[in-house]
Amino acid sequence: MGGSISDLKIDKDGNIWIYTPGDKLYQMSSTGEVIKKYELKTEEIFEKNISLFGYFEIKDDILFAPTIPMTFQWTSLTIDEMASLSNLITYDLKEDTYEVISTFDKGYLGTNLNKMIMPSMILGKNGEVIINHNYKDIFVIQDGKQNSFEASFSGFSSDPPVSSMPDMFDDMNEIMRIMNYSDAYERIAYLPIHDKYMRLAKFEESPADGMDFDRTFLHSKWALIFLNDQFEKEGEIILPESETNGNYIFETKEGVWFSTDHPDNPNLDEEKFQFRLLKVK
């Protein structure tokens, strides 16, 4: 395979799907044997000024993939130009065809593009497409209709983190701050045992060097927002500061477990993985 991995998923049958730079997709067995390799035909997609962004889902030979502008300095676009671009497509792996199923919502974009706009997505309990942006509400596509649902953390501003510079793309540190170190909704997940959705939020915090050159930085403060299966907000909680690693969270019938392996945790034990239990009602 070689090179780096953009994203990895395991489907309900135990198959491993790996997406790599260059728009290559590998289907592998649970033992690591390559079953099939797909080279996605993305030339027409590129002509639409969009590219695939990883964070994909697979269902019945259909790839669901967020997209971002090919124009990396998207502040050079107008709001109307950005709103005309796809932020999510489906790609038929059998037919090598694609379909745009969502474009950037103007209400979400607001009047200022000097901010992070890259989406992620999951498939919901009933096959809904759920789009998670780094701020504001979630968008749910079901039966061809897209609706937004309030899924925000009460401690975050209703306005997105926006660069104070005229153009954040003029400074690499500022790009990194806005994209990686501002208040943001990291991801959303469905918890099948508890029949709820969980949205993970991280609080603004930057590494001392501004760029995390040694790639060891981990945010100190995280929060969880819980929604029912109708996407109605049920509650939220701030996890223990400097005692949470938001990259490792899973559920069992007992509740939701979150990692406490944060480098600033005085009880960190480098010889073992440690988790705490959060009861879910």
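List of remarks:
- Label-to-label distance, LYS59 versus SER158, with points set 7 angstrom from Cα along the beta-carbon direction: 3.2 nm.
- Low-density loop cleavage sites - GluC sites (Glu not before Pro) in segment 196-281, where at most 16 other Cβ are within 10 Å (DSSP): GLU204, GLU205, GLU232, GLU241, GLU254, GLU270, GLU271
- Averaging the sequence gap over all C-alpha pairs within less than 8 Å and six or more residues apart, then dividing by the number of residues, gives segment 35-156 a relative contact order of 17 percent.
- Most positive-pole-ward Cα, LEU63, LEU40, MET28, against dipole of segment 1-113 from beta carbon charges: MET28
- Value of relative contact order over the chain, rounded to a whole percent, pairs C-alpha under 8 Å and six or more apart: 9
- Remark: segment 153-281 carries a charge dipole of roughly 680 debye about the Cα centre, counting +1 on each Lys and Arg Cβ and -1 on each Asp and Glu Cβ.
- HN-Hα J in Hz across segment 123-136 - Karplus 6.51, -1.76, 1.60, θ = phi - 60°, x for Gly and Pro: 9, x, 3, 10, x, 5, 8, 10, 9, 10, 9, 6, 8, 6
- Length gained when the stretch GLU47-ASP195 is fully extended (0.36 nm per residue, less Cα-Cα span): 49.2 nm
- Separation of alpha-carbon centers, segment 230-281 and segment 116-142, rounded to whole Å: 23
- Euclidean distance of C-alpha centroids, segment 11-55 and segment 163-193, integer Å: 25
- Potential lengthening between ASP212 and LYS125 on full extension [0.36 nm per residue; Cα-Cα distance subtracted]: 27.7 nm
- Extension gain from ASP96 to ASN147, taking 0.36 nm per residue of separation minus the Cα-Cα distance: 15.5 nm
- Charge dipole (Cα centre; +1 on Lys/Arg Cβ, -1 on Asp/Glu Cβ; no other charges) of the chain amounts to roughly 580 debye.
- If only the Cβ of Lys and Arg carry +1 and only the Cβ of Asp and Glu carry -1, the dipole of segment 1-113 around its Cα centre is close to 300 debye.
- R0 of 22 Å, Cβ-Cβ distance GLN274-GLU241: FRET efficiency to nearest 0.05: 0.85
- Model label points for GLU81 and PHE250, set 7 angstrom from Cα along the Cα-to-Cβ axis, are 4.6 nm apart.
- Among the chymotrypsin sites (Phe, Trp or Tyr not before Pro) found in segment 158-261, those both in a DSSP coil and sparsely packed, with 13 or fewer other Cβ atoms within 10 Å of their Cβ, are PHE213.
- Among the listed pairs LYS12/LYS36; LYS9/LYS233; LYS115/LYS281; LYS125/LYS281; LYS41/LYS202; LYS106/LYS145, those with a Cα-Cα distance over 24 Å are LYS9/LYS233; LYS115/LYS281; LYS41/LYS202.
- In the chain, taking the dipole from charged Cβ atoms about the Cα centre, the farthest positive-side position among ILE130, ASN180, LEU109 is held by ILE130.
- When the helices of the chain are scored as -39500 (n - 2.57) per DSSP H run of n ≥ 4 and the total is divided over every residue, the value at 222 nm lands at -2000 deg cm²/dmol.
- When only Cα pairs below 8 angstrom with a gap of at least 6 residues are kept, segment 148-281 shows a relative contact order of 18 percent.
- Trypsin sites (Lys or Arg not before Pro) restricted to segment 1-110 and DSSP loop, no more than 12 other C-beta within 10 Å: LYS12, LYS41, LYS94
- Enclosing the Cα atoms of segment 167-255 in their convex hull gives a volume equal to 113 cubic angstrom per residue.
- Qualifying aspartates and glutamates (Cα of each under 18 Å from Cα of LYS221; at least 8 residues distant if same chain): ASP183, GLU186, GLU204, GLU205, ASP212, GLU236, GLU241, GLU243, ASP261, ASP264
- If the convex hull is drawn through the Cα atoms of segment 1-78, its volume per residue in Å³: 103
Bear in mind that the values in this text are calculations on the coordinates, not laboratory data. Note that this is a predicted model, so its numbers are computed, not measured. Note that each Cβ is placed from the backbone with ideal geometry, even for glycine, and that neighbours are counted across all protein chains shown.
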